[in-house]
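A.B. asks: Following this message is one structure expressed as structure tokens.
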């Protein structure tokens, strides 16, 4: 399985938060560990690393043309830890060969991650 690592964001907090001592840009890394397509569904497994010194909440994941099914929102990623997120992207039309997931971290901001799903062969079993 090809692993794709994408630096999703070194997001800046809203300007008002930057004026407070101890606040600064969030340091988040999103690694797509697996992205596979079977029919109209793309299954994504992502590792989200919080390299900052404060907990961050992942409030949702969005992509154009698909319903995203994932459990556990909001997902709190503690400071200096990595969490795994698994999601199914249910497309009603053609599944794109390359797609962008938007990871929404609420007040900490949001950022895009490029995903190239691998097509799974349907089994006869």
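The values are calculated or read from the model by the stated rules, or taken from the named source; none is laboratory data. Since we're looking at a predicted model, the values are computed, not measured. Because the Cβ atoms are built from the backbone with ideal geometry, glycine has one as well, and the counts that use them run over all protein chains shown.
A.B. asks: Suppose we filter 108, 122, 46 for residues that are under 18 Å from residue 27 (Cα atoms) and at pLDDT below 95; which single one remains?
C.D. replies: Details: 122 fails: under 18 Å from residue 27 (Cα atoms); 46 fails: at pLDDT below 95.
Checking each option against the conditions leaves just 108.
A.B. asks: Kindly indicate the residue of region 94-109 that is assigned to a loop (DSSP other than H, G, I, E, B) and without any contact (Cβ under 8 Å) to a residue 40 or more places away in the chain and also farthest from residue 52 (Cα to Cα) among those meeting that condition. Even if it seems obvious, please write down each step before you answer.
C.D. replies: The initial filter retains those residues of region 94-109 that are assigned to a loop (DSSP other than H, G, I, E, B), namely 94-98, 105, 109.
Remaining after also requiring without any contact (Cβ under 8 Å) to a residue 40 or more places away in the chain: 94, 96-98.
On the way: 94: 38, 96: 33, 97: 33, 98: 30 Å.
Result: 94.
A.B. asks: Identify the single condition in (1) under 16 Å from residue 86 (Cα atoms); (2) exposed (fewer than 13 other Cβ atoms within 10 Å of the Cβ); (3) at pLDDT below 90 that residue 67 does not satisfy, given that it satisfies every other one.
C.D. replies: Only one criterion is unmet by residue 67, namely (3).
A.B. asks: Pairs please, first residue from region 37-48 and over 20 Å from residue 71 (Cβ atoms), second anywhere and surrounded by 20 or more Cβ atoms within 10 Å (Cβ to Cβ), Cβ atoms under 6 Å, 6+ apart in sequence or on different chains.
C.D. replies: If the second residue must be surrounded by 20 or more Cβ atoms within 10 Å (Cβ to Cβ), the pairs left are 37/117.
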